[in-house]
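Have a look at the structure below, then the notes.
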Amino acid sequence: MARMTTAERRGYHQICGQDGAMMVIACDQRGGMRTLLAADPEAQAKISNEMLGNTKADITRYLASKASCVLVDPICAVPQVVDEGVLSRDTALLIGLDASGWDTSPEGYRISKMVDGITARRVRELGGTGGKIMIYLRSDTPEANTQNMATLERVIADFSSEDLLLVVEFLTYALEGESKEAYTAKIPELIQGRHAALPRCGLQSTQAPLSRLAGILC
C-alpha cells in the first residue's frame, strides 16, 4: 500500500474535525436536489444551475460551516462559495468529479460518468482541498469493473501528479435481473470484496463503509 504524502496528510487533517472524524456535508447532487426543490418534472427542468448554486451556497453558509468539510459539484457552486466568502475559513472543500447518473454497458453494467474538464489541477484552481470520485463496483463480477477501474486508475494518477487528496467512494448496485432479495443477501460479501480492489489502485483501506482515500487513511 502506498503511504500518504505530506500534502495528502494535510488535506486529510483539514477534512476532519478536532476529534479526527470526518463530518462532510454532501451537496454535490444536481438531479436529486432538483427533485427536492420542485414536485414535478416540468418545474424541475426550470431550476437553473444558478439557482442550484444559490441553494448550495446557503447550505454551505448555514450548515456546512458547522462541519469539518463540504462536498460540492464543480458546475453549480464553485468558485462562487470561495470567491464570495461563503465558505468558512475553517471548513474544507471537496469537489465532486462525477457527473449525474451513469452509463450502461451492453452487458447491463453501470459505468461511472465524470464531469468533463475536471482534473486535479482544476480542483486546485477552484480552491478545493481535494476531489471526490464515486465508482460503481461489483466485486463478485470482475468483468463489470473493467472500465470503471480504468477510470479510477487514471484519476488516481492525475491526483498523484498534483499531490492532491482524492476521496474514492465505491458504490455497489443490483445487476440487471438480480432480485432485491438476492442483492440484499450479497451486500456484506460485496462490501468485503471491495478491499481486493484497493492494492491494484494504490488505495489504503479505511474504516468508513463506502469511502476510500487515495494514498490516505480515514
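Scoring 28-34, 182-188, 92-98 by mean Cβ neighbours within 10 Å over their residues and listing the highest first yields 92-98, 28-34, 182-188. Amide H to amide H, with H built 1.01 Å from N, residue 130 comes under 5 Å of 93, 95, counting only residues 5 or more places away or on other chains.
Straight-line cross-link partners of residue 113 among the aspartates and glutamates, defined as a Cα under 18 Å from its Cα and at least 8 positions apart when in the same chain: 28, 73, 98, 103, 143, 153, 158, 169. In this structure, residue 162 and residue 184 have a Cβ-Cβ separation that, at R0 = 25 Å, corresponds to a calculated FRET efficiency of about 0.05. Among 16, 55, 39, flag the residue with its Cα farthest along the positive direction of the charge dipole of the chain, charges on Cβ as +1 for Lys/Arg and -1 for Asp/Glu. Checking the options against the dipole of the chain, the answer is 16. Summarising the amide proton neighbourhood of residue 113: residues at separation of 5 or more, or on other chains, whose placed amide H is nearer than 5 Å comprise 99, 103.
Tell me, what is the FRET efficiency for residue 58 and residue 100 to the nearest 0.05, using R0 = 25 angstrom and their Cβ-Cβ distance as r? For residue 58 and residue 100, the calculated efficiency is 0.75.
The numbers here are math on the coordinates, done by the rules we state, and not lab data. Remember, it's a predicted structure, so these values are computed and weren't measured experimentally. No Cβ is skipped: glycine too gets one built from the backbone with ideal geometry, and neighbour counts run over all protein chains shown.
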